[in-house]
Amino acid sequence: MLEEHLRTGSILKAMERSMHSARHCFTEYFYQAGKMKHVEYSLLDSWYQFLTHSESTGFDTEADMIFYLQTEPEIALERVKKRGRVEEDSLQMDFLSGLHRLHEDWLIHGNNTAQARVPSPM
């Protein structure tokens with residue numbers, strides 16, 4: 001994801017997920033669900049903090065705009081089932097609901113546990 005954030009030479013850069021959503025939604029979900037140890041969580045967070053600190057790294061990991069395609073977890077699960085992809089067979093409603101809550105907290109309500117700022121306008 002970092003490589004995609006740092007890619008240059010195009011007018012528009014689009015990503016389905018960014019290192020910001022990976023940190024503030026996916027990492028938070030796995031940690032809160034007890035599927036990630038505290039040491040793993042701390043290590044990922046320290047790497048994220050380092051990589052997004054442009055004064056230290058010179059990396060520009062900001063985004064010009066975030067497009068949040070908001071949908072209810074029930075609809076997302078229905079779409080997953082319709083696609084019928086083998087790699088998505090094990091997705092559960094609690095996973096989708098948890099990710100939905102974390103995305104909403106981060107992008108809409110600004111009240112997530114990681115004290116994360118949104119890296120661009122929405």
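The values are calculated or read from the model by the stated rules, or taken from the named source; none is laboratory data. Given the structure is predicted, the values throughout are model-derived calculations rather than measurements. Here the Cβ is made from the backbone with ideal geometry for all residues, glycine too, and neighbour counts use every protein chain on show. All accessible areas refer to the heavy atoms of the entire protein, side chains included, with ligands and DNA or RNA removed. Shrake-Rupley method; radii C 1.70, N 1.55, O 1.52, S 1.80 Å.
With θ taken as phi - 60° and the Karplus curve 6.51 cos²θ - 1.76 cosθ + 1.60 applied, the whole-hertz 3J(HN,Hα) list for region 72-88 is 6, x, 5, 5, 4, 5, 4, 5, 4, 5, 5, 5, x, 6, 4, 5, 9 Hz, x standing for glycine and proline.
Structural descriptor for region 12-105: relative contact order 32 percent, calculated from alpha carbon pairs under 8 angstrom and at least 6 residues apart.
Take 103-110, 25-32 and order them by the average number of nearby Cβ atoms within 10 Å per residue, most first; the result is 25-32, 103-110.
Segment E55..I11, full-extension length gain: 13.4 nm, with 0.36 nm per residue of separation and the alpha-carbon distance subtracted. The fraction of accessible area contributed by carbon and sulfur in region 34-97 is 55 percent, rounded to a whole number (1.4 Å probe; ligands and nucleic acids excluded).
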